[in-house]
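Data block below; observations after.
The values are calculated or read from the model by the stated rules, or taken from the named source; none is laboratory data. Here the structure is a predicted model, which is why all the values come from computation and not from measurement. Glycine also receives a Cβ, built like all others from the backbone with ideal geometry; neighbour counts cover every protein chain displayed.
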Amino acid sequence: MSQTDAASPADPRRDPDPDSIEDMATESRHDEDDRLKPEYVSAVREAVEQDDSERARELVSPLHPADIADLIELTPSEERADIIAALGDLVGAEVLSELNDYVRDDVIEALEPQQVADLAAELDTDDAVAIIEDMEEADQQAVLDAMEPEDRAAIESALSYPEESAGRLMQRDLIAVPPHMNVGQVIDYLRDGQGLTTDFWEIFVVDELHHPIGTCQLSWVLTCPRGIPIADVMQREQTLIPVDMDQEE
């Protein structure tokens, strides 16, 4: 063995064992601390470097979104655009929400405006705003132009408030019902589900001007008799926050 060979550390991506790479799709990808194994990360990077998107997707598709986010964060910044392109739709909204802010910026820069618009539509409004607000003005406008009118309106409404204000941060996807409905009618309305958000734990009761007059936890609705008016179940005391209040307050 030459002195050079003895001193040079092995490149984990150089001449990988084909059998070990093949086993990556089925064997554990995590170490005892539940972190992605370096050899697994190297196998994915090798597939991307060789323009083998099919292999890269095969390796990554079984991962949870949080693990895909970890994989992207473990990839050197100069390689992220390539791995994102190779993984395609595996880099979804859930993956974006798991990424560190500085890495997420790299991901967004590697995507087309329509891709960003599609991902933002899958996120809660406040999470979508967090992605779009840091973009360059021209890129931001391109994403907004690519969005569906309803989604765009929600984002533009949030962006109209000062940064770090309650109005910028608040969640706009909610369930609201009038006080004259009874519990059974509310349940039927929720089951119909047309145009409703699917991720909620609380129902807002609003007057004819759409002002909140009370709230009702979903568990209360599900455990009350159908004939009871929702106004008799709701909690009338509320903590209302001005939209221009700073988030630190």
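Of the helices (runs of 4 or more DSSP H) lying entirely inside the stretch 80-159, those containing at least 3 residues that are charged (D, E, K, R), modelled with pLDDT of 85 or more and in the same structural domain as residue 44 (by TED's automatic domain parsing) are 101-109.
Remark: pairs (first residue in the stretch 28-54, over 15 Å from residue 80 (Cβ atoms); second residue of a type in the set (Ser, Thr, Tyr); Cβ separation under 6 Å; 6+ apart in sequence or on different chains) = 29/40.
Going through the stretch 34-45 one residue at a time, which ones are surrounded by fewer than 20 Cβ atoms within 10 Å (Cβ to Cβ) and in a helix (DSSP H, G or I)? The answer is 38, 39, 41, 42. One residue stands out among those in the stretch 216-231 that are loosely packed, with under 12 Cβ neighbours inside 10 Å and more than 28 Å from the chain's Cα centre (by Cα): the one that is nearest to residue 174 (Cα to Cα), which is 222. The conditions of being surrounded by 14 or more Cβ atoms within 10 Å (Cβ to Cβ), of a type outside the set (Gly, Ala, Ser), part of a loop (DSSP other than H, G, I, E, B) and modelled with pLDDT of 85 or more are met by residue 179. Residues considered: 82, 70. Of these, the only one that is in contact with a strand residue (DSSP E or B) (Cβ under 7 Å, 6 or more places away or on another chain), within 20 Å of residue 43 (Cα to Cα) and surrounded by 17 or more Cβ atoms within 10 Å (Cβ to Cβ) is 70. State which residue is modelled with the lowest pLDDT when the search covers only the stretch 191-245 and only residues that are within 29 Å of residue 122 (Cβ to Cβ) and among the charged types (D, E, K, R). Filtering first and then ranking leaves 244. For the stretch 104-117, taking the residues that are under 14 Å from the mean Cα position of the chain (by Cα) and in contact (Cβ under 8 Å) with a residue 24 or more places away in the chain, the one that is farthest from residue 88 (Cα to Cα) is identified as 105.
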